[in-house]
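Everything on this sheet refers to the single structure shown next.
The values are calculated or read from the model by the stated rules, or taken from the named source; none is laboratory data. In this text, all values refer to a predicted model and were calculated from it rather than measured experimentally. All Cβ positions, even for glycine, are placed from backbone atoms using ideal geometry, and neighbour counts span all protein chains on display. These area figures cover heavy atoms from the full protein model, side chains too; ligands, DNA and RNA do not enter into them. Shrake-Rupley method; radii C 1.70, N 1.55, O 1.52, S 1.80 Å.
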Amino acid sequence: MRAMRAETFSGYQGLKLIELPKPAVTDGKVLVRMTAAGVTPLDHTILSGKFHGSKAPLVLGNEGAGVVEDGGGTDFPVGSRVMFFGTYGAFEDGTDSEWVAVRKEDLCLIPDNVNDVSAAGIPVAYLTAQVALTLAGFRAGKTVLAPAIGGSIGNAVTQLARALGAKCAISSTTNHTKAEQAKALGFNEVIDTSLEKLGDGVRRITSGYGADIVIDGIGGEVLSEALGALALEGRVTTLGYSASRKTTIDVTNLIVPQASIRGLNMFAQPKASIRAAWKVIVSLLRSGAIKPIVAKTFPLVEAVDALHYLIEGRPFGRVVLKI
């Protein structure tokens, strides 16, 4: 089978198209013929040699969609369309290949109204978003800030919060064109940080109240600025660092509102939390309350171009490999 594998963690040039044996089905594993795989910033982090625990050579991709070929039993019969996320592409070979042997507990049936390309970009973003909101104590009526409306986490959190009854579901962008694109897509609470500061925008939208919950997948100065937008007893969850691993914070932004900050590692979440998140996500997908946005697709052989487009082009929406 064909697969895109990082032969070395040396940047884009380390990613090569190779031939590998088709995986065998073993106990607890389901053979999935891949139809699409999501491209994520984690792929780039690993390929750049900046992720702990990953070892080359490694087939990248830790989310995707496909069709069950064997081993699914009655829960996932042969021919079922499934999507999944896990340690694939980080600590074991991943989804950028024609077949993957997937742990049964990682699988989720794709709703009939969602195509495979859209489904491939759902697991990482929406599971992370739902788990983060749950851990932050989200409930209807809360005000939520998730920076970067064009990014996977920012968009997923914004959509989920809005669908689940947030008073305000706020996001941001540094790009005026993306701000206009977001507005055209119905995201009406997006702060254009080329025109105003993030904290000022949050205060404007909330009439001075601030954000009860901040879910930050960007890191760097965005995290620092978001801390200044917190409401009384606000909660911040940090889970990404595409902007930077480092930032400087004003501790009074935590002390004065008696706020809290925590990290989130999706690889460390209990299976029960993932299952609970899937139930919410699938229900909202079926009703059309949330709709994944795909910016562009690439064939498997152009995985390098796809990753480059994601990282350097910073598109509005997901990048997906069609397999």
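From the convex hull of the Cα coordinates of the chain, what is the mean projected area in square nanometres?
Working: hull surface 61.4 nm².
The orientation-averaged projected area of the Cα hull of the chain comes to 15.4 nm².
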Problem - Rounded to 10°, Cα long-axis angle of helix 152-163 versus longest principal axis of the chain - result: 70 degrees
Practice task
For the stretch 48-164, with all protein chains present and a 1.4 Å probe, just round the carbon and sulfur fraction of the accessible area to a whole percent.
Solution key: 52 percent
Fill in the blank from the handout: Non-local residues with an amide H under 5 Å from the amide H of Val30, with H modelled 1.01 Å from N and Pro and chain starts lacking one, are Val102, Arg103, Lys104
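Please give the per residue accessible area of the stretch 229-312, computed with a probe of 1.4 Å over protein heavy atoms only, in Å². It would help to have the intermediate numbers written out before the result.
Values: 4840 Å² over 84 residues.
With the other protein chains kept in place, the stretch 229-312 gives 58 Å² per residue.
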Problem - Förster-model FRET efficiency, 22 Å R0, Arg33 and Asp112, C-beta, rounded to 0.05 - result: 0.70
Fill in the blank from the handout: The size of the Cβ-based charge dipole (Lys, Arg +1; Asp, Glu -1) of the stretch 58-157 about the Cα centre, to the nearest 20 debye, is 660 debye
Practice task
Divide by every residue of the chain the summed helix terms, -39500 (n - 2.57) for each DSSP H run of at least 4, and state the resulting mean residue ellipticity at 222 nm, rounded to the nearest 500 deg cm²/dmol.
Solution key: -7500 deg cm²/dmol
Practice task
Show the residues, 5+ positions off or on another chain, whose built amide H is closer than 5 Å to the amide H of Phe84.
Solution key: Gly64
Fill in the blank from the handout: Computed ³J(HN,Hα) along the stretch 12-27: with the Karplus parameters 6.51/-1.76/1.60, θ = phi - 60°, integer Hz and x for glycine or proline, the list is 3, 5, x, 8, 10, 7, 9, 10, 10, x, 5, x, 8, 7, 10, 4
Handout entry: Net lengthening on full extension, Thr177/His308 (0.36 nm per residue, minus Cα-Cα)
Key = 45.1 nm
Handout entry: Spin-label model distance (nm) - Thr134 vs Ser287, 7 Å beyond Cα toward Cβ
Key = 1.7 nm
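Expressed as a whole percentage, what fraction of the accessible surface of the stretch 227-272 belongs to carbon and sulfur atoms when a 1.4 Å probe is rolled over the protein heavy atoms? Display every interim value, and only then the final one.
On the way: 1510 of 2820 Å².
Answer for the stretch 227-272: carbon and sulfur cover 53 percent of the accessible area.
Where only protein heavy atoms count, and the probe is 1.4 Å, what is the accessible area per residue for the stretch 53-160 in Å²?
On a per-residue basis, 29 Å².
Listed here are the pairs Lys16/Lys178; Lys104/Lys322; Lys142/Lys322; which of them are more than 28 Å apart at the Cα? Mind dumping the intermediate values first?
Details: Lys16/Lys178 32 Å; Lys104/Lys322 23 Å; Lys142/Lys322 38 Å.
Violating the 28 Å Cα-Cα cut-off are Lys16/Lys178; Lys142/Lys322.
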Practice task
Pick out, from Ser172, Ala226, Leu239, the residue whose Cα sits farthest towards the positive end of the charge dipole of the stretch 136-250, with +1 on the Cβ of Lys and Arg and -1 on the Cβ of Asp and Glu.
Solution key: Leu239
Exercise for the section: Would you mind working out the magnitude of the charge dipole of the stretch 167-286 relative to its Cα centre, with +1 at each Lys and Arg C-beta and -1 at each Asp and Glu C-beta, to the nearest 20 Debye? Expected result: 640 debye
Fill in the blank from the handout: Extension length gain for Ala276 and Lys246 (0.36 nm per residue less Cα distance), in nm, is 7.6 nm
